[in-house]
C-alpha cells in the first residue's frame, strides 16, 4: 500500500474507493477529474472536511500522478492499495472499507462521471434524512439518457432477456423488463425510498452501516455483489434513490465483454440465487 498525498486516512468526512483492473486510461482520468470537481464543491459547503480516495489496484493501474495532483489541489488525499493481485471487485473495495474511518463512504466505479454537485447533494440529503443509510443516484448514459439501474428482485428470465438478448427479441419482454427496472417508480425528479436492489457503480453509505454489513460478500468475484449487498442493507438501514445526485455511467453488460465475463456472470448468479432464493419466470 502506498500513501501518495497524505500520511493517514481521513478520520471524518468522506472516503471513496475505486477498484481498477486494466482500466480504460482516458475514462479513469475522466472519473478522477469528476471526483476532483465534486470534491471542490463539497469542500465549499463543508470547509475543513477531509476527503480520502482509496485507489485499489487489482492490476494494470496506469500512471495517474497528474490526476492525483489535481485531486490533492482540491483537498483530496490518496492512498493506493496495491500488491494483492486481482482479488475481484468486492474484495478490492473491502480492502478500502476496512481502512475507512470516515462519516460516509462512496463505492465508485472507474467508469463513472460525477456531476460537480453530486457529493454535496448526497451529503445534504444524508444530513436531512437520518434514516437513510445508502444513497443511489440518478444515472445517465454517455448521451445523458436515464439508465434504470434500480431493480426489483430478478427472475432468471429477466436476467437472460436483459443481459443476453439482442434489441429486437428483447422488445418481446419490454413490459416485464420495465417492471424489473422499476420504470413505474424511478424518474428524474421523485425520491424513491427502499428500492430492493441498487447498482454498485455508485453506492454512497454511512460508513457505520457499511461496517455493520462487513462490506461486500467476498464469495462474488464479479457481478451480483451489489445485489447481495443491497438486499442485506435493508436489514439494517433504509436505501434511497435520490435523483438530485447525478452521475453518468459508461459501463457495458457482461454479454458485450466476452465469454469470460459471461462465465463470471453465471457463476455469481448461481451464488446469488442459492443464497436469496430462485425465481424462474
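By how many nm would the segment from residue 259 to residue 45 grow when fully extended, if each residue of separation counts as 0.36 nm and the alpha-carbon distance is taken off? Working shown, then result.
Numbers: separation 214, 0.36 × 214 = 77.04 nm, distance 4.61 nm.
Full extension from residue 259 to residue 45 adds 72.4 nm.
Extension gain residue 131-residue 267, at 0.36 nm per residue separation less the Cα-Cα distance, in nm? Don't jump to the answer; show the numbers that get you there.
Working: separation 136, 0.36 × 136 = 48.96 nm, distance 3.44 nm.
Working it through step by step, the gained length comes to 45.5 nm.
With a/c under 1.5 counting as rounded, go ahead and sort the stretch 1-149 into rounded, prolate or oblate using the C-alpha gyration tensor (a ≥ b ≥ c being the square roots of the eigenvalues; past the cut-off, prolate if a/b is larger than b/c, else oblate). Show your work: numbers first, answer last.
Values: a/c = 1.40, a/b = 1.17, b/c = 1.19.
Judged from the Cα gyration tensor, the stretch 1-149 comes out rounded (a/c under 1.5).
Using R₀ = 41 Å, calculate the FRET efficiency as 1/(1 + (r/R₀)^6) where r is the Cβ-Cβ separation of residue 69 and residue 148; round to 0.05.
For R0 = 41 Å, the calculated efficiency reads 0.65.
Beyond 20 Å, what share of the Cα-Cα pairs of the stretch 81-184 is found? Please give it as a whole percent. Don't skip to the end; give the middle numbers.
Values: 3214 of 5356 pairs.
Of the Cα pairs, 60 percent sit more than 20 Å apart.
With each label point set 7 Å from Cα along the Cα-Cβ vector, what nm distance links residue 156 and residue 171?
Inter-label distance under the simple model: 2.8 nm.
Rounded to the nearest 5, what % of DSSP beta bridges with both residues in the chain are antiparallel? Don't skip to the answer; put the middle values down first.
Details: 17 of 43 bridges.
If I count the DSSP bridges inside the chain, around 40 percent turn out antiparallel.
Which one of 40, 115, 178 has the biggest mean-square fluctuation once the chain is modelled by GNM with Cα springs under 10 Å?
178
By per-residue mean of other Cβ atoms within 10 Å, what is the highest-first order of 84-90, 269-275?
On the way: 84-90: 18.4, 269-275: 16.1.
The packing order, highest mean first, is 84-90, 269-275.
By counting other Cβ atoms within 10 Å of each Cβ, how are 246, 179, 206 ranked from fewest to most? Numbers along the way, then the final one.
Numbers: 246 22, 179 13, 206 19.
Ascending number of Cβ neighbours within 10 Å: 179, 206, 246.
Any idea what log10 I(q)/I(0) is at q = 0.15 Å⁻¹ for the chain, Debye with uniform C-alpha scatterers and no solvent?
Results for the chain at q = 0.15 Å⁻¹ read -1.17.
Please state, rounded to one decimal and in Å, the Kirkwood hydrodynamic radius that the stretch 12-95 gives when every pair of distinct Cα atoms enters the mean of 1/r. Kindly include the intermediate steps, with their values, before the conclusion.
On the way: mean 1/r = 0.0761 Å⁻¹.
Kirkwood radius, the stretch 12-95: 13.1 Å.
Find how many whole Å separate the alpha carbon centroid of the stretch 90-169 from the alpha carbon centroid of the stretch 55-78.
Here the two parts' Cα centres lie 21 Å apart.
Where a number appears in this text, it was derived from the coordinates with a stated rule and is not lab data. Just so it is clear, the model here is predicted, and its values are computed rather than measured. Note that each Cβ is placed from the backbone with ideal geometry, even for glycine, and that neighbours are counted across all protein chains shown.
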